[in-house]
1. Just need the Rg to Rh number for segment 157-223, please, alpha carbons only, Kirkwood Rh.
2. Would you compute the Debye intensity of segment 155-314 from its alpha-carbon atoms alone, equal scatterers and no solvent, and pass along log10 I(q)/I(0) at q = 0.17, 0.18 Å⁻¹ to two decimals?
3. Cross-link candidates for Lys158: which lysines have Cα within less than 25 Å, leaving aside residues fewer than 8 places away along the same chain?
4. What span do the alpha-carbon atoms of segment 47-97 cover on each of the three principal axes, reported in whole Å from largest to smallest?
5. Measure off 7 Å from each Cα along the Cα-to-Cβ vector at Glu87 and Asp113, then give the distance between these two points in nanometres to one decimal.
6. With the Cα gyration tensor of segment 216-311 giving a ≥ b ≥ c as the square roots of its eigenvalues, does the rule (a/c under 1.5 for rounded; else a/b larger than b/c for prolate; else oblate) give rounded, prolate or oblate?
7. Name the most mobile residue of Ala71, Ala279, Ala124, meaning the one with the largest mean-square fluctuation, in a Gaussian network model of the chain with Cα contacts below 10 Å.
8. Which value in nm describes the separation of the simple spin-label points at Leu234 and Asn128, placed 7 Å from the Cα toward the beta carbon?
Amino acid sequence: MKLKLVAATCLISLCSNLATAQNPNKDGKKGFEAGKPLGSKNEAGKFIPLSDNVKVYGSFRFAESCTFDPARNLIVVMNAGVPQNQEENDGYVSLLNPDGTVHTSKWIGASRDGLTLNQPLGSAIQGNVLYAADIDVVRTFDLTSGKPLKSYPVEGAKVLNGIAVSKDGTIFVSNTRPDSIVYKITPAGEVSKFVEGAPLINPNGVAIDNDGHVVVVNVGDNNVLTFDAASGKLLKTEQTVESGNDGVVVLPDGTKYVSSVRYGSVSEIRPGQAAKIIAAGIPSAASMCYDSKQHQLVIPMNSNNALAFIKLEK
């Protein structure tokens, strides 16, 4: 497997361009603003997009998760921003091209007007909605404009982390610590505990498999747990090669890929086969996503402020 690391370098001047995604409010205040793709104003004051012969990498500040937008062929990257004790409401979302170059440095988060996004970790896309796990709230955004939509507070949650959304809009989101819980949020906004305690041990990554079941991986061991989405009944337990797991994706053929944030490996579990490591040495391999068009895994690397790309064999 070939592994490519994207360095986290970004010119400040390239990260500050804004585009209004909503008209100003009636009181004259600006509404929510989304960021433009990279570019700058020329001497005449005209905005000029980044020319094709320039490649920019980076834009990250503690990137924890990503998800792939096939409609636009873009990688959506969640950035937790600075720690909450330094500054609240500093999270943002970057858009990357499939080769890892920057499309939009700060798409959501270019302006804080009308936006609350404190420390987003897990992310998911369902339909035209982007979902983000943000400490104790699940926030949703319009995938076209980036405009904030509904928010779902989760009472008692401390660290909402991995998130997956079923086709009918039901949300499954893990609370990694101190309590091991996976919450369920219905499309109507009703919050309940889907699974609590064993076999969860610091649950992290969550995915929906091809049968609509809920797949959860633990930081605390190497189990890959498959639950019935309606009842929460444990249906199957598989194991990765190494423990300390963070991200999980399920491919159309049923193959699962799991990233170990503690030990830097990616395990492949093909249906009916034992797990094997396909990549290793990836520091802080966090909640990855699957790019279905380029057939690659994309893995944010937390405090390394970078992403790893793994081309999968066909």
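1. Working: Rg = 11.1 Å, Rh = 11.7 Å.
Result: Rg/Rh = 0.95.
2. Debye intensities relative to I(0), on a log10 scale: -0.95, -1.07.
3. Lys150, Lys184, Lys193, Lys233
4. Largest first, segment 47-97 extends 40, 26, 18 Å along its Cα principal axes.
5. It is 1.8 nm.
6. Judged from the Cα gyration tensor, segment 216-311 comes out prolate (a/c at least 1.5, a/b above b/c).
7. Ala71
8. Going by the 7 Å Cα→Cβ label model, 4.2 nm.
Where a number appears in this text, it was derived from the coordinates with a stated rule and is not lab data. Source: prediction; values computed, not measured. Note that each Cβ is placed from the backbone with ideal geometry, even for glycine, and that neighbours are counted across all protein chains shown.
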